[in-house]
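A short worksheet on the structure shown next.
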Amino acid sequence: QVQLVESGGGLVQAGGSLRLSCAVSGSIFSINAMGWYRQAPGKQRELVADITSGGRTNYADSVKGRFTISRDNAKNTVYLQMNSLNPEDTAAYLCNVQLMVGGVKVNYWGQGTQVTVSS
């Protein structure tokens, strides 16, 4: 089994910061990428940021310059540092990890952590 557990969400004022963590445990073979997605009420789930096994990062245009994704391979943990938060960032944030399992790409998801930004 593979399990992802997110933490770090909460309430914050506009302009504030939060740091999300996602710890991956279980039968981990080879990680292709790790990332963060978010979903707000009435909206589709969207990619916020991801990081490949080679360390390449990718960000949604809406968060570039404000959010930073990083990882700790020894701990199988991915982080999302969120600065200059605004109410539009309010959403459930979900961690994703893409593994190679028997030569096949498989995605696993966390249950999500809520981020609420007040005006």
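Would you pick out the residues in the stretch 33-59 that are more than 18 Å from GLY8 (Cβ to Cβ) and of a type in the set (Val, Ile, Thr)? THR52, THR57 - these are the residues of the stretch 33-59 that are more than 18 Å from GLY8 (Cβ to Cβ) and of a type in the set (Val, Ile, Thr). Go through the residues of the stretch 26-36 one by one and say whether even a single one is modelled with pLDDT of 95 or more and either among the β-branched types (Val, Ile, Thr) or over 13 Å from the mean Cα position of the chain (by Cα) (or both). Within the stretch 26-36, none of the residues are modelled with pLDDT of 95 or more and either among the β-branched types (Val, Ile, Thr) or over 13 Å from the mean Cα position of the chain (by Cα) (or both).
Taking first residues from the stretch 45-72 that are closer than 15 Å to LEU85 by Cβ and touching a residue at least 40 places away in the same chain (Cβ under 8 Å) and partners that are among the aromatic types (Phe, Trp, Tyr) and open to solvent by less than 40 Å² (accessible area, probe 1.4 Å), the Cβ contacts under 9 Å between residues at least 6 apart in sequence or on separate chains come to VAL48/TRP36; VAL48/PHE67; VAL48/TYR93. Filtered by the rule that a residue be open to solvent by less than 40 Å² (accessible area, probe 1.4 Å), closer than 18 Å to VAL115 by Cβ and not in a strand (DSSP E or B), the stretch 27-65 gives ALA40, ALA60, VAL63.
Tell me which residues, restricted to the stretch 77-91, are open to solvent by 30 Å² or more (accessible area, probe 1.4 Å) and not aromatic (Phe, Trp, Tyr). Within the stretch 77-91, GLN81, ASN83, SER84, ASN86, PRO87, GLU88, THR90 meet the criteria.
What about SER21, is it of a type in the set (S, T, N, Q), in contact with an Asp or Glu (Cβ under 8 Å, 6 or more places away or on another chain), surrounded by 15 or more Cβ atoms within 10 Å (Cβ to Cβ) and at pLDDT 95 or above? Yes: the conditions hold for SER21.
Do we have any residue at all in the stretch 57-64 that's at positive phi, of a type outside the set (Phe, Trp, Tyr) and out of contact with any helix residue (DSSP H, G or I) (no Cβ under 9 Å at 6 or more places or on another chain)? No, the stretch 57-64 contains no residue that is at positive phi, of a type outside the set (Phe, Trp, Tyr) and out of contact with any helix residue (DSSP H, G or I) (no Cβ under 9 Å at 6 or more places or on another chain).
The values are calculated or read from the model by the stated rules, or taken from the named source; none is laboratory data. Keep in mind that what you see is a predicted model, and the values were worked out from it rather than measured. Cβ atoms come from the backbone with ideal geometry, glycine included; neighbour counts cover every protein chain shown. When the accessible area is computed, the model is the full protein with side chains, heavy atoms only, and any ligands, DNA or RNA have been set aside. Shrake-Rupley method; radii C 1.70, N 1.55, O 1.52, S 1.80 Å.
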